[in-house]
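What follows is a single structure, written as C-alpha cells, with notes after it.
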Amino acid sequence: MKVNAENLAPQLSRNVPRIALVSGDEPLLVNEACDAIRAKARATGYIERELYFVERGFDWQALRMASRSLSLFAERKLMEIRLGSAKVDQVGSEMLVELAETDTSDTVVLIVADKLDGRTQNAKWVTAIEKHGLFVQVWPIDLPRLPTWVRARMTQAGLQADAEVAGMIAERVEGNLLAAHQEIEKLALLYPKEKIGATVAMESVADSARYDVLQLGVAAMSGRIARAVRILAGLREDGTDATVILWGLNKDLQWLARVAHLMKSGQSVDAAMNAEYVWRPRQPAMKQALARLKLPAIHALLRDAAQVDRAIKGARNVDPWLLMQALVARLAGVRMRRVA
C-alpha cells in the first residue's frame with residue numbers, strides 16, 4: 001500500500017507492516033515517519049534492531065543470511081536498511097523483492113531512501129514492497145501550508161500561537177522544516193506552555209541577530225577556537241539565555257556521539273552523518289570534530305555539558321559562563337584539565 005506521511009498513523013494503529021519503505025527529501029519528516037514505524041515495531045515485540053547501510057560494494061548476500069538467521073537476544077527483530085541515494089542493482093533488487101514476498105513473523109524490515117524518481121518507483125522491488133507492505137512517500141510542506149504546519153507543531157510543543165506568529169516563523173525559516181523545528185524547540189525551552197506573542201517571536205527569530213547560537217557549534221567543531229570564544233562572548237553580550245546556548249551545543253554533542261557510535265560499528269563518516277540526519281551545512285564541521293574526537297572524549301564533553309546545566313540551574317556554585325567557555329574550548333580541541 002502506498003501512503004503519505006500524514007496518513008501513516010492510522011495505518012500503524014491497525015498493525016505493524018512486515019516491510020516498509022520510507023522515501024523523501026525532507027529529513028525531519030522522513031525521520032519522524034521512521035520513528036513511528038520503529039516505535040510500533042518495539043511495541044509489538046520487535047525489540048532488537050539491526051542497521052545496514054547500502055554503500056558501494058554492499059554485500060546483499062550477507063543481508064540475505066542475516067534475514068534468515070534468528071536473533072540470539074530476541075525472538076523478533078527490526079532490520080533497518082539505509083539506502084540513501086544509492087542505486088539498487090539487480091542483486092539488491094532481487095534481495096528486496098525476496099524480503100517483501102517472504103511471509104515471516106519474526107522480522108520487520110524498514111527501508112529508508114531519498115526521494116525516488118518515477119522510474120525507480122516502478123522498479124520491481126518498490127512495487128513488491130507496495131504490494132506486501134507500506135510505501136511511505138514523504139512530501140515537503142509547501143510554503144502556503146507552512147504557517148499552518150508551524151502552528152500545529154507549536155501546539156504539540158505545548159505553546160499557544162496565533163496565525164501571525166506562525167507566519168512570522170514560517171517566513172524566517174524559508175521552507176526549512178528542521179530550522180522551524182529548532183525554533184519551536186527553542187521557544188518551548190524558554191517559554192514552556194505559554195502563549196507566544198509577536199514580540200517574543202520576533203526577538204527569537206530575528207534575522208538581525210548579531211550572533212547565531214548554531215554558529216557557535218560550527219566554529220567549535222571546526223577547531224576555530226578564537227571565533228568560537230568570540231561568538232560565545234557576543235551571545236552573552238546580546239543577552240542570549242545560557243540555557244539556549246547550551247541547548248545548541250548539546251544538539252551537536254549528541255549528534256557527534258550517535259555518529260561516532262555508528263562509525264565504531266564500521267560505517268563511513270558520511271554514511272553515519274546521513275543516517276543520523278545531520279544537517280548538511282553542519283557536516284563539514286562535524287567531520288573535522290570526529291577526526292580528532294573519539295567516542296570517550298565525546299561522552300566526557302556530554303558530562304561537561306551536564307555540569308554547565310547544573311550551574312545554570314544553581315545546583316553548582318560556579319559561574320556557568322566559565323564552564324560554558326571551557327566546554328566550547330574542549331570541543332574546539334583545546335586540552336584543559338577538568339576540576340571536580
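The values are calculated or read from the model by the stated rules, or taken from the named source; none is laboratory data. Model, not experiment: these values are computed from the prediction. So basically every Cβ, Gly included, is an ideal-geometry build from the backbone, and we count neighbours across all protein chains shown. These area figures cover heavy atoms from the full protein model, side chains too; ligands, DNA and RNA do not enter into them. Shrake-Rupley method; radii C 1.70, N 1.55, O 1.52, S 1.80 Å.
Just one residue in the set Arg303, Arg330, Arg337 is among the basic types (Lys, Arg) and within 20 Å of Ala219 (Cα to Cα); that residue is Arg330. The residue of the range 37-93 that is modelled with the lowest pLDDT, among those that are among the basic types (Lys, Arg), assigned to a helix (DSSP H, G or I) and open to solvent by 80 Å² or more (accessible area, probe 1.4 Å), is Arg68. For the structure I just gave you, tell me whether Ala220 is open to solvent by 10 Å² or more (accessible area, probe 1.4 Å) and assigned to a helix (DSSP H, G or I). Criteria not met by Ala220.
Taking first residues from the range 126-141 that are in a helix (DSSP H, G or I) and partners that are buried (at least 20 other Cβ atoms within 10 Å of the Cβ) and of a type in the set (Val, Ile, Thr), the Cβ contacts under 8 Å between residues at least 6 apart in sequence or on separate chains come to Ile129/Ile19; Ile129/Ile111; His132/Ile19.
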